[in-house]
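For reference, the structure discussed in these notes is given below.
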């Protein structure tokens, strides 16, 4: 705390509480400075000297400790109609120096004001982007810069790692940082990992940096994502552990068959669409393997999706020996971003 010299009242201990309440009631007490007391007196920092009869106090100059001010919320800076304030988003994504925010239609005409208020309340942010939902296998979205610098490229940092990201060309979620570290902590030494929809390679690099895999194959169909992934493995010094492959995930089993590659662990982070690729994952796994399957589902549809995965596994003579559903975050009311940790084993068929 820094010290500020200002006018204060020196008051005997037994009179202090009564005077403090009086000052608060009359908006005379400074609430940005900390009250000080010793064995005999209380010192109250004031805006103005009050006129109080029959009270023993002295006016003094004193140095008071200054409270650390809480940062203002972006809502504190913006002026929108009262009936719309409850529509202002309570959360948004921060990726490096960029904020990504979704706005309901009612607030779209105030987007510039909202963007400017976000800049004021977030000192390290350079750009504010209005976003639409992620779509397609490339997981890209329409983005409009509504305030700040006119670019969509940034460096995001987490767990000592750096990721070069262009939010208009590639998918990246800062909210999955803890999930990426969780998966890295599960990896056993010398595992062969396949990251089926790698994006800019955050899962792959986290694993390569904080676990001891034999190798991580990072696959993506989006050429922009592949370019950033290749750059990021260099930035984070994991060139010896990560191999980036520009490929359709449905076709990768052909390459792996030719090279005799089997995956001990597969990451399937492609919500809404991952189930379509599950049969192809079953073609590349080892006799005993782990699959981390990600999806976004309503509560009542989770069991149905798991039944579908079990059906496809049985068709390929594979059984689930262990299964755990983890709700990572809420996506919408009663709809969750989940990970299903699956331990899979190939059935031994009788001779």
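Structure data summary
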read-out: Answer from 202, 189, 213 - the residue that is more than 14 Å from the chain's Cα centre (by Cα) and buried (at least 20 other Cβ atoms within 10 Å of the Cβ); value: 213
read-out: Qualifying residue in segment 80-92 (condition: in contact (Cβ under 8 Å) with a residue 24 or more places away in the chain and either assigned by TED's automatic domain parsing to the domain that holds residue 222 or within 25 Å of the chain's Cα centre (by Cα) (or both)); value: yes
read-out: Verdict on residue 135 being surrounded by 15 or more Cβ atoms within 10 Å (Cβ to Cβ), under 27 Å from residue 206 (Cα atoms) and under 20 Å from the mean Cα position of the chain (by Cα); value: no
read-out: Residue check for residue 331: at pLDDT below 95 and either touching a helix residue (DSSP H, G or I) at 6+ places or on another chain (Cβ under 9 Å) or part of a strand (DSSP E or B) (or both); value: yes
read-out: Selected residue [over 30 Å from residue 250 (Cα atoms) and in a helix (DSSP H, G or I)] from 44, 103, 84, 130; value: 84
read-out: Given (1) within 30 Å of residue 8 (Cβ to Cβ); (2) surrounded by 11 or more Cβ atoms within 10 Å (Cβ to Cβ); (3) in contact with a strand residue (DSSP E or B) (Cβ under 9 Å, 6 or more places away or on another chain), number of the condition residue 101 does not satisfy; value: (1)
read-out: Answer from 239, 270 - the residue that is modelled with pLDDT under 95 and touching a helix residue (DSSP H, G or I) at 6+ places or on another chain (Cβ under 8 Å); value: 270
read-out: Failed condition for residue 304, given (1) surrounded by fewer than 20 Cβ atoms within 10 Å (Cβ to Cβ); (2) over 22 Å from residue 247 (Cβ atoms); (3) touching a residue at least 12 places away in the same chain (Cβ under 8 Å); value: (3)
read-out: Close pairs from segment 22-36: first assigned by TED's automatic domain parsing to the domain that holds residue 10, partner modelled with pLDDT under 85, Cβ under 6 Å, at least 6 apart; value: 28/50; 32/67
read-out: Which listed residue is crowded, with 16+ Cβ neighbours inside 10 Å, in the same structural domain as residue 283 (by TED's automatic domain parsing) and touching a residue at least 40 places away in the same chain (Cβ under 8 Å), from 225, 208, 184; value: 225
read-out: The listed residue being surrounded by 15 or more Cβ atoms within 10 Å (Cβ to Cβ) and under 35 Å from the mean Cα position of the chain (by Cα), out of 77, 67; value: 77
read-out: Criterion: part of a strand (DSSP E or B), surrounded by 14 or more Cβ atoms within 10 Å (Cβ to Cβ), without any contact (Cβ under 8 Å) to a residue 60 or more places away in the chain and touching a strand residue (DSSP E or B) at 6+ places or on another chain (Cβ under 8 Å) - qualifying residue of 325, 290; value: 325
read-out: Residues of segment 138-161 classified as surrounded by 15 or more Cβ atoms within 10 Å (Cβ to Cβ) and in contact with a helix residue (DSSP H, G or I) (Cβ under 9 Å, 6 or more places away or on another chain), total; value: 10
read-out: Qualifying residue in segment 333-341 (condition: touching a strand residue (DSSP E or B) at 6+ places or on another chain (Cβ under 7 Å) and without any contact (Cβ under 8 Å) to a residue 40 or more places away in the chain); value: yes
read-out: Residues (under 25 Å from the mean Cα position of the chain (by Cα) and farther than 19 Å from residue 273 by Cα) located in segment 291-326; value: 324
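Per-residue answers, yes or no, for (1) in contact with a helix residue (DSSP H, G or I) (Cβ under 9 Å, 6 or more places away or on another chain); (2) more than 30 Å from residue 121 (Cα to Cα):
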| residue | (1), (2) |
| --- | --- |
| 16 | no, yes |
| 19 | no, yes |
| 24 | no, no |
| 29 | yes, no |
| 35 | yes, no |
| 44 | yes, yes |
| 47 | yes, no |
| 60 | no, yes |
| 63 | no, no |
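The values are calculated or read from the model by the stated rules, or taken from the named source; none is laboratory data. If you're wondering where the values come from, they're calculated on a predicted model, not measured in any experiment. Cβ sites come from the backbone with ideal geometry, for glycine too, and all protein chains shown count toward neighbours.
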